[in-house]
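*Asks:* Take this structure first; my questions come after.
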Amino acid sequence: MIRRASSPRERRLAAALSIVLVAAVLAVFAGVGGHEYLAYDDDEAITGNAGLSQGLSSDGVAWAFRTTLVANWIPVTVLSLLADQELHGLSARFVLIENVALHALATLLLFFAFRRLTGTLWRSAAVAAVFAIHPLHVESVAWAAMRKDVLSGVFFAATLLAYARAVERPSLLRHGWVSASLAAGLLSKPTLVTTPFVLLLLDFWPLGRLAGDDGRFDPKRGGRALLEKLPLFALAAASSIATLFAQRSAGAVVAANRLALGQRIANAIVASADYLATSVWPAGLAVFYPAEVDGWGISRVAISAAVLLAITALCIVERRRRPWLLVGWLWFLGMLVPTLGLVQVGSQARADRYTYLPLIGLSILPIWTLAEIASRRPTLRRPLAVTSLVALVALGSVAHRQVGYWRDGATLFARARDVTRDNALTRSFLAEALLAAGRHGEAADEMRAALRLRPDYLEMKNNLAWVLATNPEIPLADPGEPFRLAVGAVEATGGRNPQTLYTLARVFERDGRFAEAERTARRAANLARSLGAEAFALEIEAKADELRGRTPDPKSGARRSEPGAAQGGSSLP
């Protein structure tokens, strides 16, 4: 049951530890104020989201509950961004600083909640410290679009604290605060759907609400604990339905033929083991880990499953003597479930941000186990304390370095390229960031690398052809490369995509084939207009008018990219 320490000395120590926790967050994340928005979700969620310009007007608030943000219905997160629009016009500096402030608040609430739930001071502070500075949490804080993560962290910790108070002195109002906190959390990020199960785990330990006087499970008490959480399960179910609907509407749920169920289960097993490994040894972290579409090797899946099953078995065996092992482990696995890709969303195998709340449970295992060892062998207290402090400092140091990789897109995706393999999507985002920085030759090299990994990457074929066509200063080892890429993109789209046709027109222009360029551009403009893309059609027509009547400069020589190519694009679809 809950124990509340109230001595003045302990209250002063708790206040001092709170200050230290906030200082640790600030020390690790101090650099984010100089970071930029990324062309990866930040553009869709913030910089390119016209609805945010409404601010906290009545129309803006109503819109927050109607819209989705990056394929998620998360109105509380949208409201926070609308407030940012009112305060500072969505400056990247202040949006990221607010992420840090929210993370610090979540850290404090977590400390208060654990102290109330467990009656411990140093162990609760240790759990909060791991949450505050673990390198896996950098992604959730240093990425502006992940406002939903830090907001959900605040409301999750508030739910735990409200639940501790409700258990301590039950009342309708106090249970109402639990429901309200969870509802706000679900409206910030729907992965909190497993929170009611976490509360049941806390009923088992440390609250001891499920056992009878003999220490064994009491079905009546268990039934009451489950019954009181029915409103929370109802909230979680409603959130799950809304989330699946929003993601299907946005096309974020991958078709069943992309990853079969067996592959998704295998990926979930491997991802869980990888999360465990990077929690213990956070090296080689990246913004994107590609899913293995061809499937994981049987040995990798078998080893991962064996590790997970062995830990689970150990926790079950020790559930009476060391109940925190089972609670922390099931907390970790249970809160990962919504993110493991059993319903595949996107093409990632895993993501660091998905550990934001599950890692709290995992941190319980070593912290309470070390405390038990120290209590049994007092001579080890000082060495264990020093070792724990060194480990925390090491985590903070790695996290601080990880924060630096998030300063801009080129740095972030270059890092991801370097620490992952066969990562075509990361190379495409790196190319985009390099283009934005004016580093066109390097961008073209990354695009070529992406195409070597995925020869069927249609968008990359078109993009590389465009870059080579519009940046003639890029040297070409193969003069026919832009033409082959552009024709391949046009053929792959059946000649029904105005963008690929326009790219081909620009390739013709690069090679001095202006008549062919004009004809192809007008064809692209007509197609764009038929598809309702009037602004794009006007842009293409302006280029076609510019090309009319132009002739190659005889001093420059002809640069025909494909000798013997069909004239006027007549052989194209």
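The values are calculated or read from the model by the stated rules, or taken from the named source; none is laboratory data. Please read all numbers here as calculations on a predicted model, not as lab measurements. Glycine also receives a Cβ, built like all others from the backbone with ideal geometry; neighbour counts cover every protein chain displayed.
*Asks:* State yes or no: is LEU38 more than 18 Å from GLN247 (Cα to Cα), among the aliphatic types (A, V, I, L, M), within 22 Å of the chain's Cα centre (by Cα) and part of a loop (DSSP other than H, G, I, E, B)?
*Replies:* So LEU38 fits the description; yes.
*Asks:* Tell me, which helices (runs of 4 or more DSSP H) wholly within segment 81-172 include 3 or more residues that are closer than 20 Å to TYR37 by Cα?
*Replies:* Where helices (runs of 4 or more DSSP H) fall fully within segment 81-172 and carry at least 3 residues being closer than 20 Å to TYR37 by Cα, they are 92-118, 138-142, 147-168.
*Asks:* I want to confirm something. Restricting to segment 418-430 and keeping residues that are part of a helix (DSSP H, G or I), in contact (Cβ under 8 Å) with a residue 24 or more places away in the chain and not polar (S, T, N, Q), which single residue is surrounded by the fewest Cβ atoms within 10 Å (Cβ to Cβ)?
*Replies:* VAL419
*Asks:* Which one of these is of a type in the set (A, V, I, L, M, F, W, C) and surrounded by fewer than 16 Cβ atoms within 10 Å (Cβ to Cβ): ALA449, ALA436, ALA486?
*Replies:* Exactly one residue qualifies, and that residue is ALA436.
*Asks:* Moving to a separate point now. Just need a number here: residues in segment 210-230 that are surrounded by 14 or more Cβ atoms within 10 Å (Cβ to Cβ) and over 23 Å from TRP177 (Cβ atoms).
*Replies:* Residues flagged as surrounded by 14 or more Cβ atoms within 10 Å (Cβ to Cβ) and over 23 Å from TRP177 (Cβ atoms) within segment 210-230 amount to 3.
*Asks:* Given the conditions (1) farther than 30 Å from ARG421 by Cβ; (2) of a type outside the set (Phe, Trp, Tyr); (3) in a helix (DSSP H, G or I), and given that VAL337 satisfies all but one, which numbered condition is not satisfied?
*Replies:* Failed condition: (1).
*Asks:* Looking for whichever is under 23 Å from the mean Cα position of the chain (by Cα), outside the structural domain of PHE413 (by TED's automatic domain parsing) and at pLDDT below 95 here; the options are GLY334, GLY284, GLY341. Which one fits?
*Replies:* Result of the check over GLY334, GLY284, GLY341: GLY341.
*Asks:* Let me ask something else. Mind listing whichever residues of segment 500-552 are surrounded by fewer than 23 Cβ atoms within 10 Å (Cβ to Cβ) and among the aliphatic types (A, V, I, L, M)?
*Replies:* Result: ALA515, LEU527, LEU531, ALA533, ALA535, ALA537, LEU538, ALA542, ALA544, LEU547.
*Asks:* Within segment 402-416, can you find the residues that are out of contact with any helix residue (DSSP H, G or I) (no Cβ under 7 Å at 6 or more places or on another chain) and without any contact (Cβ under 8 Å) to a residue 60 or more places away in the chain?
*Replies:* Passing the criteria: only THR411.
*Asks:* In the set ARG353, ARG377, which member is in contact (Cβ under 8 Å) with a residue 12 or more places away in the chain, in the same structural domain as GLN263 (by TED's automatic domain parsing) and among the basic types (Lys, Arg)?
*Replies:* ARG353
*Asks:* So which of ARG415, ARG353, ARG322 is in contact with an Asp or Glu (Cβ under 9 Å, 6 or more places away or on another chain), at pLDDT 95 or above and closer than 18 Å to ALA286 by Cα?
*Replies:* Just a single option satisfies the conditions, and that option is ARG353.
*Asks:* Looking at segment 385-394, can you tell me whether even one residue there is in a helix (DSSP H, G or I) and under 30 Å from PRO290 (Cβ atoms)?
*Replies:* Within segment 385-394, one or more residues are in a helix (DSSP H, G or I) and under 30 Å from PRO290 (Cβ atoms).
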